[in-house]
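Working notes for the structure below.
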Amino acid sequence: MAQPGRLGASSPAQNGAISAAGPPYSNGPLQSPLMHSQVSGSQGYNSPFPGSYSHQIPAKTPLNPASGLYNYGGSQTVSSLNSYQGPGQTLNRLPLEPNPVAPLQSTVPTSQMPPLPSSQTPAVIPASSNSFVYGSDPSSSSNWQYGHPPMGSKTNHFVPVSTQPSLSGNTNMSRNNQYVSPGAPSLQNSYMKTGSVPPPTNQTLPTIYQPTRAPLGPPPSGGPPPARSLDPQRKTSNSVPPQPQLTSSSLNQEGDSSTANNGSVVENSYDTIEGGGFMAATQFANQNPKMNRNVGYSYPSLPPGYQNTSDPNMSGRPSTALQYTSGLQPFSQSPLGANHLTTSMSGLSLHPEGLRVINLLQERNMLPTTPLKAPVPNLHEDIQKLNCNPELFRCTLTNIPQTQALLNKAKLPLGLLLHPFKDLLQLPVVTSSTIVRCRSCRTYINPFVSFLDQRRWKCNLCYRVNDVPEEFMYNPMTRVYGNPLRRPEVQNATIEFMAPSEYMLRPPQPPVYLFVFDVSHNAVETGYLNSVCQSLLDNLDSLPGNTRTKIGFITFDSTIHFYSLQEGLSQPQMLIVSDIEDVFIPMPENLLVNLNENKELIQDLLKTLPQMFTKSLETQSALGPALQSAFKLMSPTGGRISVFQTQLPSIGVGALKSREEPNQRSSAKEIHLTPSTDFYKKLALDCSGQQVAVDLFLLSGQYSDLASLGCISRYSAGSVYYYPSYHHQHNPVQVEKLQKELKRYLTRKIGFEAVMRIRCTKGLSIHTFHGNFFVRSTDLLSLPNVNPDAGYAVQMSVEENLTDIQVVSFQSALLYTSSKGERRIRVHTMCLPVVSTLNEVYLGADVQAISGLLANMAVDRSITASLSDARDALVNAVIDSLSAYRTSVLSSQQPGLLVPFSLRLFPLFVLALLKQKSFQTGTAARLDERIFAMCQVKNQPLVYLILMTHPNLYRVDNLSDEGALNINDKTIPQPPILQLSVEKLSRDGAFLMDAGTVMMLWVGKNCGQNFLSQVLGVPNYASLPLNMTHLPDLDTAESTRLGGFISWLREHRPFFPILYIIRDESPMKSIFLQYMVEDRTESALSYYEFLLHVQQQVNK
């Protein structure tokens, strides 16, 4: 039984699955990828030839999902000996003929953990009931668990048929696997050589880096200069190594040539291809057990030769983080020396502001007037210049505690937030026959490795010494052989590799898009088909892909309708399958067709679809059978299914019943946050095994059980979009929102058949993942689709003391197939210092990242325990950390609520979370809206999650050009950010609330006549419409300023925020006031009251 008020590793698991058959996977060192050549076919294609994508499916092909009940969203403890035996390993698809399904067992152990040995039990601050515990025995206190689970623990494992993938959802791992993940705002990188003109950043084709020199030619004849071999068995080759190329990839540019080699020997599992995690390094653990103290020698002095410049054609929010130089940089050979690094580690005087103690009861107005920036790690500036952009990779603590005991004492969560596939204006892309990786842990070479000399480098994760390959000596920038330190891989913390054929299980799949439309009477009434079909018509040519792109359509009500788009037909042919109990695919070869070759037929279908069902009186919805049909159709190739649903599924498998009870909406004891059936989760796991992702668009004015339906996207790495009360006439703003978001959805970059592994330095381990994915082989995230708008989070612990280490590193590697058919690997690497005192841990706290990770943990707690437990745990997260600070850091006990400067906004952000739709009580929040808010917490990058939780408030009736940005010859004003309190409002002004997915412009009763006429286009306040949602386009300076500011805020977001203009009598005013986080509501404390409550608990 889960104890109330704790969140973390001890929560009951909900989505484990252990293979019932097949050999355990090997995560060992991959000395030569070609050594593993036993291949039984292309991955799960049942095809004798690599690259054939047969659609010949038997007429009757019932699914064979594993049974067993799955909960939604909780965490999961995984045995350290878990093996993966699924579609990616067996190289065979799910059996298409009926197979007996082995009965599955579901065990639900208690969430208790055995107590640590006394020698390992850290001293803990006495915590309030229902708060966090950081590794101590949860049986003795009721705390939120941050520590890792006990070794070898197993929780709620399901034993599926042999082809069922092994793990899914959020996964707690119990062994020393160091894999990590982050997320953050949006920084666009470009490179400019000092004194030169920046290269264009909006190319339509990849361009070779040309830093004021001729295009790259072949390497000099004769190969590299002779070098003395360091290995007696190694011979210096005189042959010319393949020429590596460094290209620059623009936004949404993925290249146009395939690197597939269909005749090559390929690996037989994604796990082996991507390479083992740290587990593979255990046999070498004693060779290089500790980092040499002279770690500074691995970082040469790097005066920047390339600088970040903002794209002149890019009008985005200025980065909320530092401008991190990611470009190529010339090296001087003089090493930094250990003294530089050691000095920077102990240089706390560099952060005088961070050491300041704040009494929040006296200094309540701590919210900065400009966007909050990520803290800068306390590293030497030459190292920090190379560090990963925090918008891509961010840690909750920028100073890593030396020991788990120190982390436990700080009472702060350790974790990472990742935005791995974020759109970047410029991205270094390396094409080379050799991708240099550690032979032991398979880490990709990066800026933070140590070069012992020009022929050997030491891994910064496992400390193994590796040889430098001959071709790595060639510098594509200078076209000469020389220092490997000048390679782009060692100059960029974010880089992308064009993967050679050994990184493929099969030829890269074509882009395949299948659209599944609800056409029941309810769906026709909403009128959504008009908008969706028109958006598809407008964007057909912009769908990511190439000449191999395929597309198909299915519609459904109480029956399933397929559309044959066979070449030669004068019009699309509808095929109706009425047997929804045993669905099959009619004419499978003509249902998914080449987009370019059949464009006219596809356009005809999209033009006629909205009218085909206008007279339909069919009210039933067979969503489950429709999804089964879509899965069967997509299984041979993989791809993306986009499902549009408008009501509760009512017939066939997956049918649901309404569970919403209006009188329980405001109760904290919500009982319907978990799915009512495991059908959608099991189908999602089947989809994931066949490289199919499902995106759900829910357009419904009534309860549709999103808690159950959302599983189809959550576990297949899809996305959920929700448009409550969508109607083409009654709710036109939702129509505009759908059109704008659908355009982004259809045209954004996409990666297929992706996997992601996260590694970290020996001594650290990851035990829980958050996001939309499926976990394969304990640490490999399976992402059938990866999109640039998805964020991920992980929780970590310190498994081994880091006392002899000065810095630790984290690396994420995303292996994916681009829409152009290229296999690519995107790698992000981050370096952080290790500290030994509690004061330094607090100094490096990143309050936004901490709040984001706690929000993910609280969603799990809400589902596995209760909403009230999650709320208690959030409050106690603040109380415990501030109690620890007061007890262990402050020398004198002063009155008030004393916090370190780094945590000055922690109570405010937690209060904002308590009032966020996911966790709020006392309001009439609809159940589906609450579930959707939880989906967003789990899937949004950190920058948007924080904005949705704690919106930005601006006064906009007096905008000026002072401090304004100049973007594309447009002046974008930068008004100060205000506190979220009605105290900051005035009746003679106008105030804009930016809450991420929605914007509200509140106009005071006595607002100046100038603003009313010059911006709103009305003669007086009484003339302001009650339901105004657009600013008029007026030719006035005031209108241009505000319009430009709102457009700038909206740009580059993955969603389209509707703008509501609100006056005192508007029905939206109550929603506007709900976002005033610092004010009291009938069911929640004000900020000052919350501070008093925290102070009372801290001073107990």
Report task. Collect residues whose amide H, placed 1.01 Å from N in the peptide plane, falls under 5 Å from the amide H of LYS458; neighbours closer than 5 in sequence don't count. Result -> SER450, PHE451, LEU452, ASN466
Query - Estimated vicinal HN-Hα couplings, Hz - the stretch 463-478 in sequence order (Karplus 6.51, -1.76, 1.60; Gly, Pro = x) - result: 6, 6, 8, 10, 7, 8, x, 4, 5, 6, 6, 7, 9, x, 6, 9
Query raised in the report: Per residue, how much accessible area does the stretch 564-670 show when a 1.4 Å probe rolls over the protein heavy atoms, in square angstrom?
Result: 43 Å²
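Using mean Cβ contacts within 10 Å as the protection proxy, how do 750-762, 1023-1035, 720-732, 635-647 order, highest first?
Numbers: 750-762: 27.0, 1023-1035: 13.2, 720-732: 16.7, 635-647: 25.2.
Descending mean neighbour count gives 750-762, 635-647, 720-732, 1023-1035.
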Query raised in the report: Between PHE515 and residues 5 or more places away or on another chain, which pairs have amide H atoms under 5 Å apart, with H built 1.01 Å from N, and which residues are they?
Result: GLY552, PHE553, ILE554, SER642
Report summary line: Residues meeting the amide H criterion for GLY415 (H placed from the backbone, H to H distance under 5 Å, 5 or more places apart or on another chain) are THR396, LEU397, MET796
Query raised in the report: Tell me, what ³J(HN,Hα) does each residue in the stretch 592-604 have, in order and in whole Hz, if you take phi through Karplus 6.51 cos²θ - 1.76 cosθ + 1.60 with θ = phi - 60° and put x for Gly and Pro?
Result: 10, 10, 5, 5, 5, 7, 10, 4, 5, 4, 5, 5, 4
**Report entry** Accessible area expressed per residue, the stretch 434-533, with surrounding protein chains retained (probe 1.4 Å, Å²)
**Finding:** 20 Å²
Query raised in the report: How much of the accessible area of the stretch 774-850, in percent, comes from carbon and sulfur atoms when a 1.4 Å probe is used?
Result: 37 percent
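Fully extended, how many nm does the chain gain between THR971 and ASP453 (0.36 nm per residue separation, minus their Cα-Cα distance)?
Details: separation 518, 0.36 × 518 = 186.48 nm, distance 5.14 nm.
Gain on extension, THR971 to ASP453, equals 181.3 nm.
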Requested in this report: Would you mind checking the stretch 583-607 for residues with the amide N under 20 Å from a putative spin-label position 7 Å along Cα→C-beta of SER570?
Outcome: 598-607
Requested in this report: On a C-alpha basis, how far is the centre of the stretch 951-1017 from the centre of the stretch 463-508 in Å? Whole number, if you could?
Outcome: 49 Å
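Among 864-872, 1013-1021, how do they line up by average Cβ neighbours within 10 Å per residue, starting with the highest? Kindly include the intermediate steps, with their values, before the conclusion.
Working: 864-872: 23.3, 1013-1021: 17.2.
Highest to lowest by the protection proxy: 864-872, 1013-1021.
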Requested in this report: Heavy atoms only, probe 1.4 Å: what % of the accessible area of the stretch 984-1100 goes to carbon and sulfur, would you let me know?
Outcome: 50 percent
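Residues of the stretch 870-964: accessible area per residue at 1.4 Å, in Å²?
Values: 2480 Å² over 95 residues.
Value returned for the stretch 870-964: 26 Å² of accessible area per residue.
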Report summary line: Once phi for every residue in the stretch 938-949 is put through the Karplus expression 6.51 cos²θ - 1.76 cosθ + 1.60 (θ = phi - 60°), the whole-Hz ³J(HN,Hα) values, with Gly and Pro written as x, are 6, 10, 8, x, 4, 4, 7, 4, 5, 5, 5, 7
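Of all accessible surface on the stretch 521-678 at a 1.4 Å probe, what whole percent is carbon and sulfur? Walk me through the intermediate numbers first.
Values: 2860 of 6170 Å².
The nonpolar share, carbon plus sulfur, comes to 46 percent.
Could you rank TYR1075, TYR816 by how accessible they are, 1.4 Å probe, largest area first? The partial results should precede the final answer.
Working: TYR1075 60, TYR816 0 Å².
Ranked from most to least accessible, the order is TYR1075, TYR816.
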Report task. Might you work out the accessible area of ARG364 for me, using a 1.4 Å probe with all protein chains in place, and round it to the nearest 10 Å²? Result -> 80 Å²
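Using the crude model of +1 on Lys and Arg Cβ and -1 on Asp and Glu Cβ, and no other charge, please compute the dipole size for the stretch 1030-1093 relative to its Cα centre, in debye to 20.
Dipole size: approximately 180 debye.
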Query - Alpha-carbon Rg/Rh ratio, for the stretch 630-765, with Rh computed the Kirkwood way - result: 1.03
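The values are calculated or read from the model by the stated rules, or taken from the named source; none is laboratory data. On a predicted model such as this, the values are computed, not experimentally measured, just so you know. Cβ atoms come from the backbone with ideal geometry, glycine included; neighbour counts cover every protein chain shown. Note: areas computed on protein heavy atoms with side chains; ligands, DNA, RNA excluded. Shrake-Rupley method; radii C 1.70, N 1.55, O 1.52, S 1.80 Å.
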